[in-house]
Structure formats: structure tokens, C-alpha cells
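What follows draws every value from the coordinates through simple rules; no lab data is involved. Computed from a predicted model, the values in this text were never measured in an experiment. When we count neighbours, we look across all protein chains shown, and the Cβ atoms used for this are built from the backbone with ideal geometry, even at glycine.
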Amino acid sequence: MKETIIVGLPAYNEQDALPKLLPKMEQLSAQFGEAFRVVVVNDGSSDGTAGVLEEACRTYAWLQVIDHERNRGLGEAMNTLVRFVTSEYQSGDVLVTLDADNTHNPNLIPALVAKLKENKLDLVVASRFARGGQELGLSLIRRMYSRGAMVFFKLFFPIEGVHDYSSGFRAYRIGYLNQAMNLYKQRLITTSGFDCMAEMMARFSKIGIKAGEYPLVLEYHLKVGRSKMNVKRTIAGYFRLLMKVKPPVQGTQKKVKGTV
């Protein structure tokens, strides 16, 4: 039985970006066929995002929307997404997450999925720091911040084969997410901000994961709308992870085993 590919898009005030992004998903639907879904978590947007999505649902059969009544932050949007896919889809299916602001190229999705399957991995990260990856349109300070974060996480939460801990463009094996959620008693993500993506990686490092990277050219100059990330708050959140992230109660001897 062919696995289903689910693209997960946390979205907050993306009324201008989604009309550019969703037609690209239609091209992927033609490639993957019926085993393709897109799930958008509308995180209490205050602009016209809800209207854009309502209209899109009438156009695209593969699109599903989950609404938060109020803005709860990226972490809670990711929690909603992970809980949904682990309850609705099979362990062999694949969740691909990416930003909804048009900075991630969805044409990379087939390559991420292929690497996940061919190398029997639990996770593939689209990485700015893999050979061939780049950051376009970011200021020097933001690039320095990104590299500092990479060094920090490789030191305290090492995962073999991964360097980009904050990239939200990833392919996950749903079976692994389900096991991780169970080990952490549904508390895989406890932060609400942008540090949630790094928190997931930190927790994966404590239970074991088979992971790899695929080069990402981050096209920040194509971003639609203002950045929603508070850099100082995100950095503070990274340091809080040192105290917050511990192995599950069962201990590291019950690490998740990578499976096909």
C-alpha cells in the first residue's frame, strides 16, 4: 500500500503568501496522486487568511484546514498538527512541514521524501548548512545568529547527520512521531514560540533518531509579509531548553529504534 504524503502548514496572517504557495501544492498533487494531502493549521489569524483558505478548500480536494479560535503560537500550531497526523494517518505515512510564508521551495518535497524512504530514516531536515545549502536575503546578524544556534545545539543536543536544528522544513516518518509522542506522554512540544522546532530536535536527541539532511536554499527575499520571530525571545528559549529537555521517565535505555 502506497504511503500518504501529508504537507503540514502552520499559518498565521498569511493571506498574501498562501495564494502563491497553494498552487505549487497542486503541482505536487499531480505528482503524488491520491496519496497526497495538505493540512493547514490556521493559528487564529487576524487578517484574511481564513477567507483565503475557505476559497481554496472549494478549489483543492486535497486541502484540509484546522482552525485555532485565537493565536496560540507556532508551538501550539505544531502540536495540533502532530497530534492530528499521528491520530489520523498510518505509521508508514510521511509528514512534511514547511513555512507558509513562501521562503521554502515546495519543489524540494519529493527529494526529502525520497531520502527519508531510501535511507530508512526517521527524519530529513532541509538544511541551510548542508553542502549546497544557502541563506539568501538574510542580514549578516541573522546569519551569525543561525550559525551560533547550530553550534549551540550540536554541543548540547547532538544528532548525527543534522546541523540545522531550527529549520521548519522537514520530512518525518509518522511512526517515529507517534513513538516520540508516547515516550514524552504527548508533551513533545511545550514552547509556544519559534524555539519549538529546536525543542523537537532536542527531545529527539534524548531518545535516539535516524536523521539526515538535504540542502536548502532559504529564499528569505521571497518572504511575503513581516517576520513574526522575536530573535531575543527565541534565543532565551534555546537556553531554557538546557533545563527543560530531559530524557523521558523511562530513561535513555528505551530509545526509539529506527524502522523502515
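Adding -39500 (n - 2.57) for every DSSP H run of four residues or longer, then dividing by how many residues the chain holds, sets the calculated 222 nm ellipticity at -12500 deg cm²/dmol. Here is the tail figure for the chain: Cα pairs spaced more than 33 Å apart come to 13 percent of all pairs. Full extension of the segment from Lys185 to Glu69, taken as 0.36 nm per residue of separation minus the current Cα-Cα distance, would add 39.3 nm. Applying both filters, DSSP loop and at most 12 other Cβ atoms within 10 Å, to the trypsin sites (Lys or Arg not before Pro) of the range 1-82 gives Lys2, Arg70. Taking every full run of DSSP H in the chain, the ones that stretch at least 18 Å from end to end by Cα along their long axis and average -0.5 or higher on the Kyte-Doolittle scale are 18-32, 74-88, 140-156, 231-244.
If you take every DSSP beta bridge whose two residues both sit in the chain, what share of them, in percent to the nearest 5, is antiparallel?
Percentage antiparallel, nearest 5: 20.
From the alpha carbon centroid of the range 1-73 to that of the range 109-160 is 24 Å. Estimated at 0.36 nm per residue, the fully extended path between Glu88 and Phe156 surpasses their Cα-Cα distance by 21.1 nm. Summing charges over all other residues whose Cβ lies under 10 Å from the Cβ of Asp93, with Lys and Arg as +1 and Asp and Glu as -1, gives +1.
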